[in-house]
Amino acid sequence: MQFYSTNRKTSPVSLREAVVRGLAADRGLFMPEVIRRFPPAFYQNMKEMTLREISFVVAEAFFGEDVEAGKLKEIVDETLNFDIPLVKVADNRYSLELFHGPTLAFKDVGARFMARLLAYFNKQEGERQVNVLVATSGDTGSAVANGFLDVPGVKVFVLYPQGKVSEIQEKQFTTLGRNITALEVSGTFDDCQALVKNAFMDKELNEKLYLTSANSINVARFLPQSFYYFYAYAQLCGLVGKPEEVVFSVPSGNFGNITAGLMAKRMGLPVKRFIAANNRNDVFLQYLRTGVYTPRPSVATIANAMDVGDPSNFARILDLYGGSHDAICAEVSGVSYTDEQIRRTMSETFRNERYLLDPHGACGYQALVDGLQPGETGICLETAHPAKFLETVESAVGETISVPEKLQVFMQGEKQSILMPVGFNAFKHFLLNQQ
Ligand SMILES: *Cc1c(COP(=O)(O)O)cnc(C)c1O
């Protein structure tokens, strides 16, 4: 299948090229040329299917023409080696727990899938060493590093701002070793991102090395996120029979996760509508209200993985709805919560329902509490394990919470990182010496 750019100023490219390049030559985002609609029978039988079986059917719709079936099945099975359970929190309100993967956040799904797809294409090309560069303010680095851990032919360089990520986040990408190298940059997240951007623009580096990025705009990370919307629906069918008027509420930052849900709806998944739940960084909500999209600098909140002032996947949403503000508003609404409201939701949901939410999931859950209409059934995507935000969550609920074994293992590991100044020359020199 061909993938076109949302800017439509370049010709469509193959899946392989879209994955390797990440961003289109005209700076647009890649979209699949065909979004296949599944027959009703698929939805009727879905509740008998496993997460892996459902995901394989969806994966075939996007990748089946370019990846041989047996291999695609292997990629899906290896990616989803953990469950994504749907848990009932209160009447008509469910939580899709996306935090049972290696780094306890939903980004594991896309990162693990992308790692395997990239390795597959690289092998076809004779297995040059691929160097994945990723700048992180915390969560992306851990998902990508763990997703690519031990993937043959791939080296990952995680650039992060010294002293500006939490200890638990830092441990998740600095303790792995093997094909993962953590670069501790004496600057800000923006400096890290600038280093990565400069590397991609440097002619000499790109002639000598095979460089690629693993950020969330990559189709190989973006599209697999649609799998679990189908699986959530299947589980709901198992719990309540034939659900009517399903509403997904998605804690949103760069809007990749919710856009994957909108793709699922386009494939025929019977969803009535979506809610994009934001913290105070709510440019999308302002767009819904006014029809004008005005990016602005992000502000820091306790749901920090959603501190985004110019969501990159907005271009995909516009593209999906032909640029129509009315069409977008018909399927997606928005909400925004302050830190104080997020804390109150965590506290009240724990007290009243005995359900622990993380600050991101709390935005999604509160949106269901505030916005669900009679007759609707709501599913909130719980995007991270609450223990990843230990102090914030414990202070909100007023109790100590237990830390999963997986996180404890990271905490016991020894940090290994290489200090890197913000100047580009040192970074370039370092990369050239890696081969
Ligand atoms: C990345 C992230 C989000 C935002 O997801 P987008 O796809 O960028 O909208 C929400 N919650 C958590 C915990 C995240 O790590």
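Of the helices (runs of 4 or more DSSP H) lying entirely inside the stretch 380-435, those carrying at least 2 residues that are in contact with a Leu (Cβ under 7 Å, 6 or more places away or on another chain) and within 21 Å of residue 178 (Cα to Cα) are 405-412, 424-432.
Residues that are open to solvent by 40 Å² or more (accessible area, probe 1.4 Å) and touching a residue at least 60 places away in the same chain (Cβ under 8 Å) do occur in the stretch 135-153, at least one of them. A residue that is in contact with a Gly (Cβ under 8 Å, 6 or more places away or on another chain), more than 16 Å from the ligand (Cβ to nearest atom) and not hydrophobic (A, V, I, L, M, F, W, C) can be found somewhere in the stretch 108-124. Checking 382, 394 one by one, the residue that is among the acidic types (Asp, Glu) and within 14 Å of the ligand (Cβ to nearest atom) is 382 and no other.
Of all the residues in the stretch 5-38, those that are open to solvent by 30 Å² or more (accessible area, probe 1.4 Å), assigned to a loop (DSSP other than H, G, I, E, B) and at pLDDT 95 or above number 11.
What number of residues in the stretch 8-55 are polar (S, T, N, Q) and touching a Leu at 6+ places or on another chain (Cβ under 8 Å)?
Of the stretch 8-55, the ones polar (S, T, N, Q) are 10-11, 14, 44-45, 50, 55.
Now restrict to residues that are touching a Leu at 6+ places or on another chain (Cβ under 8 Å): 55.
Looking only at that region, the number is 1.
Among the residues of the stretch 90-120, those identified as part of a helix (DSSP H, G or I), over 11 Å from residue 153 (Cα atoms), open to solvent by less than 20 Å² (accessible area, probe 1.4 Å) and in contact (Cβ under 8 Å) with a residue 40 or more places away in the chain are 109, 110, 111, 113, 114, 117. Set side by side, the residues 65, 78 differ, and just one is open to solvent by 10 Å² or more (accessible area, probe 1.4 Å) and free of Cβ contacts under 8 Å to residues at least 40 places away in the same chain, which is 78.
The values are calculated or read from the model by the stated rules, or taken from the named source; none is laboratory data. In this text, all values refer to a predicted model and were calculated from it rather than measured experimentally. Neighbour counts run over all protein chains shown; Cβ positions are idealised from the backbone, glycine included. Keep in mind that these areas ignore ligands, DNA and RNA; they rest on the heavy atoms of the full protein, side chains included. Shrake-Rupley method; radii C 1.70, N 1.55, O 1.52, S 1.80 Å.
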